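Structure first, commentary second.
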Amino acid sequence: MLGIIGGSGLTKLPGLSISHRQVIRTPFGEPSSPLSFGDLNGHPVVFMARHGYGHTIPPHLVNYRANLWALHEQKVSHVVSVATVGGIHPDLKPGDICVPDQIIDYTHGRETTFVEYNGKPVTHLDFTWPYCEEMRQRCMDALRRANEPFMAGGVYAAVQGPRLETKAEIERLAGDGADMVGMTGMPEAYLAREIGLCYAAIAASVNWAAGRSDSAAGISFETIERTLESVVERLRGVLINLACMDFNAPPANQDRL
């Protein structure tokens, strides 16, 4: 079954019928929101509002472990994260879409693993390719079917938030090879890997990162809101295409704990 993590606005899809919302208890505390179970053009989907339905949870306080665990407990096998980013790469201007294939993690102080060691041997998990390639290909296919141009691969810089970055910080990220900057990519991607969820992201640029192009003097939040509204409307069609794919088969083999 397909799980979608993103803003609550994504539940307003043509052809979507929400059957019920369910509060899920997890060993790791409360998820950001109840799960919304629905039927999209005859295909089951589950929605998770990452920041809560009122967008009240900042990125550094999201309970990523509870969110991923809740989806896993409800038999979700594949997850797409819909995330907004600031564009660093010159080809990722506001309104553009990317399906990233790499992450650099700059976050700190977040709960990054499900493993409770308690004297047990340390466990390592390969994370060379942080996204599930099967799910990345599905996302790109859904974008093509919706006639949406996109960047096929890119480096997502996951920063702490909730503040936006300085110009100097963006220059540092660019020097490190980052193509975009966001606040929710980690530890979400790694936690999905730990429990065997086939996870990928669709990143939508809603502004130039600090110091770039029309963000040279500062970032306009009014512009972000206008761009976000337009991008979300376009992504609804992409998600419809994605949901119509077959998610009954288990994901292709990938390392997990």
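Checked against the criterion of being of a type in the set (Asp, Glu), in contact (Cβ under 8 Å) with a residue 12 or more places away in the chain and over 27 Å from residue 172 (Cβ atoms), region 88-102 contains not a single residue that satisfies it. Name every residue in region 144-163 that is within 23 Å of residue 233 (Cα to Cα) and either surrounded by fewer than 22 Cβ atoms within 10 Å (Cβ to Cβ) or over 16 Å from the mean Cα position of the chain (by Cα) (or both), in order of residue number. Listed by number, the residues that qualify are 144, 145, 146, 147, 148, 149, 150, 151, 152, 153.
Can you tell me which of (1) without any contact (Cβ under 8 Å) to a residue 60 or more places away in the chain; (2) under 26 Å from residue 34 (Cβ atoms) is the one residue 77 doesn't meet? Every listed condition holds for residue 77 apart from (1).
Conditions tested, residue by residue: (1) in a loop (DSSP other than H, G, I, E, B); (2) among the hydrophobic types (A, V, I, L, M, F, W, C); (3) touching a strand residue (DSSP E or B) at 6+ places or on another chain (Cβ under 8 Å); (4) closer than 17 Å to residue 94 by Cβ.
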{"site": "170", "(1), (2), (3), (4)": "no, yes, yes, yes"}
{"site": "196", "(1), (2), (3), (4)": "yes, no, no, no"}
{"site": "199", "(1), (2), (3), (4)": "no, no, yes, no"}
{"site": "203", "(1), (2), (3), (4)": "no, yes, yes, yes"}
{"site": "210", "(1), (2), (3), (4)": "yes, yes, yes, yes"}
{"site": "217", "(1), (2), (3), (4)": "yes, yes, no, yes"}
{"site": "227", "(1), (2), (3), (4)": "no, no, yes, yes"}
{"site": "237", "(1), (2), (3), (4)": "no, no, no, no"}
{"site": "248", "(1), (2), (3), (4)": "yes, no, no, no"}
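Name the residues in region 143-194 that are of a type in the set (Phe, Trp, Tyr) and closer than 16 Å to residue 87 by Cβ, would you? Result: 150, 156.
Among the residues of region 106-164, those that are aromatic (Phe, Trp, Tyr) and in contact (Cβ under 8 Å) with a residue 24 or more places away in the chain comprise 106, 114, 127, 129, 131, 150, 156. For region 128-140, the count of residues that are in contact with a Pro (Cβ under 7 Å, 6 or more places away or on another chain), modelled with pLDDT of 95 or more and charged (D, E, K, R) is nonzero. I'd like the residue in region 43-80 that is of a type in the set (D, E, K, R) and more than 13 Å from residue 23 (Cβ to Cβ) and, out of all such residues, is farthest from the chain's Cα centre (by Cα). Top of the filtered list is 75. Taking first residues from region 58-74 that are of a type outside the set (S, T, N, Q) and at pLDDT below 95 and partners that are buried (at least 23 other Cβ atoms within 10 Å of the Cβ) and not in a helix (DSSP H, G or I), no Cβ contact under 6 Å between residues at least 6 apart in sequence or on separate chains turns up. Filtering region 236-255 to residues that are polar (S, T, N, Q) and at pLDDT below 85 leaves 248, 253, 254.
Taking the criterion of being more than 17 Å from residue 202 (Cα to Cα), of a type outside the set (Asp, Glu) and either at pLDDT below 95 or in contact with a strand residue (DSSP E or B) (Cβ under 8 Å, 6 or more places away or on another chain) (or both), would at least one residue in region 141-149 satisfy it? The answer is no; no qualifying residue exists.
The values are calculated or read from the model by the stated rules, or taken from the named source; none is laboratory data. Keep in mind that this is a model prediction, so the values were computed, not measured. No Cβ is skipped: glycine too gets one built from the backbone with ideal geometry, and neighbour counts run over all protein chains shown.
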